[in-house]
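Notes to accompany the following structure.
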Amino acid sequence: MTPATLPTTSTNGVSGTWDAAISTASAGTTTYTFTPTGGCATTATMDVVVNSPVVPTFTQLGPYCIGATPATLPTTSTNGVSGTWDAAISTASAGTTTYTFTPTGGCATTATMDVVVSSSITPTFTQVGPYCVGDTPATLPTTSTNGVNGIWDAAISTASAGTTTYTFTPSGSMVQQQQRWML
């Protein structure tokens, strides 16, 4: 923040000079001295306080998958700084995007957040079956061959002939696709 210029005329009409311009290079209190240019006026001082800037902090968002609905970037930091972001989170393509937060006032600095968007992973499985009515079927795996954990909507049943579709639902946030098997 750029400091004000110290006035060369006091509020009661005395002209003069200051010993220095206000510096905001470091935090603390600095005393500036005003020396009148003539007349019967005395010197005056002014204490100027420079506060340390507050760095806005935020809870990290993401990672997200392509096409996922992202959270909204908050307009108030976890340490109480209000402001705006340069854009809303986009999950249109994979990659890391840096979003910048600009405070609306006070002694706060800008802040950034890197948000990662990853490609969705499709779980893959080794096909089981076909089975005969009454066979003892294999247990459907809870981890895909490419490392995705999740659950199936049901266990394989061989009680009757026909094709049954089983749906695998991943438990991780980076996996959005379901795998269906028809047996």
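Within region 28-59, the set of residues being in a loop (DSSP other than H, G, I, E, B) and under 26 Å from Thr84 (Cα atoms) comprises Asn51, Ser52, Pro53, Val55, Pro56, Thr57, Phe58, Thr59. Take the conditions (1) closer than 15 Å to Cys107 by Cα; (2) modelled with pLDDT of 95 or more; (3) outside the structural domain of Thr109 (by TED's automatic domain parsing); (4) not small (Gly, Ala, Ser); Thr24 misses just one of them, which is (2). From the residues in region 37-56 that are under 27 Å from Asn12 (Cβ atoms) and of a type in the set (Gly, Ala, Ser), which one is modelled with the highest pLDDT? Once the filter is applied, the top-ranked residue is Ala44. Within region 1-60, the set of residues being of a type in the set (Asp, Glu) and within 30 Å of Asn79 (Cα to Cα) comprises Asp47 only.
Gly129 - would you say it is on the phi > 0 side of the Ramachandran plot and within 15 Å of the chain's Cα centre (by Cα)? It is false that Gly129 is on the phi > 0 side of the Ramachandran plot and within 15 Å of the chain's Cα centre (by Cα). Ala25 - would you say it is without any contact (Cβ under 8 Å) to a residue 40 or more places away in the chain, part of a loop (DSSP other than H, G, I, E, B) and touching a Gly at 6+ places or on another chain (Cβ under 8 Å)? No; evaluated as a whole, the condition is false for this residue.
If you filter region 1-22 down to residues that are assigned to a strand (DSSP E or B) and among the small types (Gly, Ala, Ser), you find that the one that is surrounded by the most Cβ atoms within 10 Å (Cβ to Cβ) is Gly16. When region 43-86 is limited to residues that are of a type in the set (Gly, Ala, Ser) and in contact (Cβ under 8 Å) with a residue 40 or more places away in the chain, the one that is farthest from Thr30 (Cα to Cα) turns out to be Gly67. Residues in region 58-70 that are modelled with pLDDT of 95 or more and either under 30 Å from Pro7 (Cβ atoms) or surrounded by 12 or more Cβ atoms within 10 Å (Cβ to Cβ) (or both): 3 in all.
The values are calculated or read from the model by the stated rules, or taken from the named source; none is laboratory data. These numbers come from a predicted model, not from an experiment. A quick note on method: Cβ atoms are made from the backbone with ideal geometry, for glycine too, and the neighbour counts reach across all protein chains shown.
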